[in-house]
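Quick notes on the structure that follows.
Please treat every number below as a calculation from the coordinates, not as lab data. Fair warning: this is a prediction, and the values are worked out from it, not measured in the lab. A quick note on method: Cβ atoms are made from the backbone with ideal geometry, for glycine too, and the neighbour counts reach across all protein chains shown.
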Amino acid sequence: MIKSIKLKNKKGDLPVTLFVIGIFAVCGFALLTFFISDFKTTNSFVGLSVLQKINSNADEYLFYKNHGMSEGMLSTLFNITEEYDRKYFYKEKSEFQGGFFGFGGKEVLLFSVKYQVPS
């Protein structure tokens, strides 16, 4: 008859088990760190989309201006403001913060850009 084979050397079981648990803990911590880092990075580049939109508006403005669109139509189309006899594109990014179920909060300006209209 074949008797079941039992391992007689159990000295390595505890260190190997602790090693495997430690590896899983380190990998879990690394994934958590990457997740938190990604969340913070996403929120820190809030103005990047605003800058891209302003740059796109400047290119569009030049295209329409070179094809003969009037200045009045361009001003209304691109939300152009004027200060000290200079024209600017103005774009801002804000978000609603605080409050309880939408009451009592306030709108906070996160980022704004004023870009001179190309001539």
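Along Cα→Cβ, 7 Å out, is where each label goes; now give me the distance between the ones at Leu110 and Thr81 in nm to one decimal.
Reported label-point gap for Leu110 and Thr81 is 2.0 nm.
Which of Lys106, Lys91, Lys114 comes first, and how do the rest follow, when ranked by fewest Cβ neighbours within 10 Å?
Lys106, Lys114, Lys91
Using r as the Cβ-Cβ distance of Leu48 and Met69, and R0 as 22 Å, what FRET efficiency do you calculate, to the nearest 0.05?
0.15
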